[in-house]
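Asker: The structure is given below, and queries will be raised subsequently.
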Amino acid sequence: MTFDEAVYEYLKRVPRGRVTTYGAIARAIGRPRASRLVGNALHRNPTPVVIPCHRVVNREGRLAPAFAFGGIDMQKKLLEAEGVEVRDGYVDMEKYFWNDA
């Protein structure tokens, strides 16, 4: 399995209405120092509807300013449609963070 495939497989497990981080994904797939590579993989996401890259935020809960599939407003819209509250571009990590690693 390639690095990108490992990222996508992990991300498919993130439940609707929850978020994870680039770093959490990197750790979960055994590459703890590769959070930037996770971001790169998400920009190459071949099926954004199937692989929910909108559920990835930074460690502070901030949305991605360069969200590849419609910008930050689209990421906010997709998260809010799942019941995730976004305030001033941030998600409450205590409430919405998901990590099964």
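Asker: So, in segment 44-61, of the ones that are of a type in the set (Val, Ile, Thr) and in a loop (DSSP other than H, G, I, E, B), which residue ends up modelled with the lowest pLDDT? Break it down into steps so the answer makes sense when it comes.
Answerer: Taking segment 44-61 as the starting set, the residues that turn out to be of a type in the set (Val, Ile, Thr) are 47, 49-51, 56-57.
Keeping just the survivors that are in a loop (DSSP other than H, G, I, E, B) gives 47, 49-51.
Numbers: Thr47: 93, Val49: 79, Val50: 91, Ile51: 96.
Filtering first and then ranking leaves Val49.
Asker: Just checking, which of Arg62, Arg36, Arg16, Arg87 is charged (D, E, K, R) and under 19 Å from Glu5 (Cβ atoms)? Reasoning before the result, please.
Answerer: Values: Arg62 fails: under 19 Å from Glu5 (Cβ atoms); Arg16 fails: under 19 Å from Glu5 (Cβ atoms); Arg87 fails: under 19 Å from Glu5 (Cβ atoms).
The match here is Arg36.
Asker: Restricting to segment 75-92, name every residue that is part of a strand (DSSP E or B) and surrounded by 13 or more Cβ atoms within 10 Å (Cβ to Cβ).
Answerer: If the condition is that a residue be part of a strand (DSSP E or B) and surrounded by 13 or more Cβ atoms within 10 Å (Cβ to Cβ), then Val86, Tyr90, Val91 are the ones that fit.
Asker: Looking at segment 1-21, which of its residues are in a helix (DSSP H, G or I), surrounded by 21 or more Cβ atoms within 10 Å (Cβ to Cβ) and either acidic (Asp, Glu) or out of contact with any Pro (no Cβ under 9 Å at 6 or more places or on another chain) (or both)? Full working, then the answer.
Answerer: Step one: of segment 1-21, the residues in a helix (DSSP H, G or I) are 3-11.
Those left that are additionally surrounded by 21 or more Cβ atoms within 10 Å (Cβ to Cβ): 7-8, 11.
Matches in segment 1-21: Val7 only.
The rows are residues; the columns are (1) assigned to a helix (DSSP H, G or I); (2) at pLDDT below 95; (3) among the polar types (S, T, N, Q); (4) under 14 Å from Glu9 (Cα atoms).
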{"residue": "Gly23", "(1), (2), (3), (4)": "yes, no, no, no"}
{"residue": "Ala26", "(1), (2), (3), (4)": "yes, no, no, yes"}
{"residue": "Leu37", "(1), (2), (3), (4)": "yes, no, no, no"}
{"residue": "Leu42", "(1), (2), (3), (4)": "yes, no, no, yes"}
{"residue": "Ala68", "(1), (2), (3), (4)": "no, yes, no, no"}
{"residue": "Asp73", "(1), (2), (3), (4)": "yes, yes, no, no"}
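Asker: Among the numbered conditions (1) among the basic types (Lys, Arg); (2) touching a residue at least 40 places away in the same chain (Cβ under 8 Å); (3) within 13 Å of Val19 (Cβ to Cβ), tell me where Arg44 comes up short.
Answerer: Tallying (1) among the basic types (Lys, Arg); (2) touching a residue at least 40 places away in the same chain (Cβ under 8 Å); (3) within 13 Å of Val19 (Cβ to Cβ), Arg44 fails exactly one: (3).
Asker: Follow-up question, since we're still on this one. Among the numbered criteria (1) of a type in the set (Gly, Ala, Ser); (2) touching a strand residue (DSSP E or B) at 6+ places or on another chain (Cβ under 8 Å); (3) more than 18 Å from Gly89 (Cα to Cα), which single criterion is violated by Ala34?
Answerer: Failing condition for Ala34: (2).
The values are calculated or read from the model by the stated rules, or taken from the named source; none is laboratory data. In this text the structure is predicted, and so the values were computed from the model without any measurement. Ideal geometry is used to build each Cβ from the backbone, glycine not excepted, and the neighbour counts take in all protein chains shown.
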